[in-house]
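The values are calculated or read from the model by the stated rules, or taken from the named source; none is laboratory data. Keep in mind it's a predicted model, so treat the numbers as computed, not measured. As a convention, Cβ positions derive from the backbone with ideal geometry for all residues, glycine included, and neighbour counts pool all protein chains shown. To get the accessible areas, we keep the full protein, side chains included, count just its heavy atoms, and leave off ligands, DNA and RNA. Shrake-Rupley method; radii C 1.70, N 1.55, O 1.52, S 1.80 Å.
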Amino acid sequence: MAVIHKTTLVPGKLELVAPWLAAQPWYVGTGRAPELDKSGGFRLDDPEGEVGIEFLVVTDTSGEEEPRAYLVPLTYRADSLDGADHALIGTTEHGVLGHRWVYDGTHDPVLQAQLLALIQDRAEPQAQSASDTPDPTVVPTLNGPALPVDAVATTVSHGPDGTELAVEIPAYAAHTLHLVRALDPNSAAPADPALRAHLTAEWQAPDSDQRVTGLLAVLRPTAG
């Protein structure tokens, strides 16, 4: 289980994420620089205990319209990740762990593997801000048997509708893991009999004590 350190992070996560978020194809621009609030999220454990894995939910309040929540998977590393300069969000100083490289986790093989495990109910989601505490509000739902354990994400593509990870399994049909980036409160899995699994979670509604639940990811066979 990951240990959560109550310490400083300079610059902070929201400071790092805001300018990066504005450049993403799935970001719904407001005509202003993003102004972010932390609205929720959860963590996953790296089996090797080396990489921090966080699924951060941020809400952009910069526009005149209703604030919008976004899913930002992050990984935190003690050293740079080879071949992933394009996915680097920035670096920060952790009060306990020192210098950390912060990545868009969809390009990090450690997060990819644990996300595939999570959506198939093979990994236990952890509370975002407490050590050794499972998060029961993060719910994977399987439709049929899980994929073989040697399933691996290969390519990553980003577009207006979110992020897609191509999933390959030896001697098995190719699949696609789709991550919702611009989150929709109270959304549900699409009515698709081919859907293999989906993932929902809670986050905080803006300017409210209410928590909402929405769709974060779906796993399905690749079309064609």
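Within the range 68-119, restricting attention to residues that are touching a Pro at 6+ places or on another chain (Cβ under 8 Å) and under 29 Å from T30 (Cα atoms), which residue is surrounded by the fewest Cβ atoms within 10 Å (Cβ to Cβ)? Among them, the one singled out is G90.
Of all residue pairs spaced 6 or more apart or on separate chains, those with beta-carbon atoms under 8 Å, a first member in the range 182-203 that is open to solvent by less than 50 Å² (accessible area, probe 1.4 Å) and a second member that is β-branched (V, I, T) and part of a loop (DSSP other than H, G, I, E, B) are A182/V28; S187/V180; L199/V138; T200/V138; A201/T137; A201/V138.
How about the range 13-53: which of its residues are touching a helix residue (DSSP H, G or I) at 6+ places or on another chain (Cβ under 8 Å), of a type outside the set (A, V, I, L, M) and within 23 Å of G159 (Cβ to Cβ)? Matches in the range 13-53: Y27, G29, P34.
Whenever a residue of the range 1-24 is touching a residue at least 60 places away in the same chain (Cβ under 8 Å), its partners that are open to solvent by 80 Å² or more (accessible area, probe 1.4 Å) and assigned to a loop (DSSP other than H, G, I, E, B), lying with C-beta atoms within less than 6 angstrom and at least six residues away or across chains, give the pairs M1/D132; H5/V96; T7/V96. Here V167, V152 are screened, and the one residue that is open to solvent by 50 Å² or more (accessible area, probe 1.4 Å) and touching a helix residue (DSSP H, G or I) at 6+ places or on another chain (Cβ under 8 Å) is V152. So is S62 of a type in the set (S, T, Y), farther than 27 Å from D184 by Cα and over 18 Å from the mean Cα position of the chain (by Cα) or not? Against the criterion (of a type in the set (S, T, Y), farther than 27 Å from D184 by Cα and over 18 Å from the mean Cα position of the chain (by Cα)), S62 does not qualify.
Filtering the range 1-45 to residues that are among the polar types (S, T, N, Q) and modelled with pLDDT of 95 or more leaves Q24, S39.
Just so you know, in the range 204-220 the residues that are open to solvent by less than 50 Å² (accessible area, probe 1.4 Å) and touching a strand residue (DSSP E or B) at 6+ places or on another chain (Cβ under 6 Å) include one that is farthest from P73 (Cα to Cα), and it is A205.
Of the residues that sit in the range 124-134 and are assigned to a loop (DSSP other than H, G, I, E, B) and within 17 Å of the chain's Cα centre (by Cα), which one is surrounded by the most Cβ atoms within 10 Å (Cβ to Cβ)? Across the range 124-134, the extreme among qualifying residues is P125.
Taken over the range 140-149, the criterion of being in contact with a strand residue (DSSP E or B) (Cβ under 9 Å, 6 or more places away or on another chain) and open to solvent by 60 Å² or more (accessible area, probe 1.4 Å) is satisfied by L142, N143. For the range 168-209, enumerate the residues that are polar (S, T, N, Q) and at pLDDT below 90. Of everything in the range 168-209, those that are polar (S, T, N, Q) and at pLDDT below 90 turn out to be N186, S187, S208. Residues in the range 134-179 that are β-branched (V, I, T) and over 20 Å from A191 (Cβ atoms): T137, V138, V149, V152, T154, T155, V156, T163, V167, I169.
Scanning the range 10-49 for residues that are in a strand (DSSP E or B), out of contact with any Leu (no Cβ under 7 Å at 6 or more places or on another chain) and open to solvent by 20 Å² or more (accessible area, probe 1.4 Å) turns up V10, D37, R43. Inside the range 85-112, residues that are over 17 Å from the mean Cα position of the chain (by Cα) and aliphatic (A, V, I, L, M) make up a count of 2.
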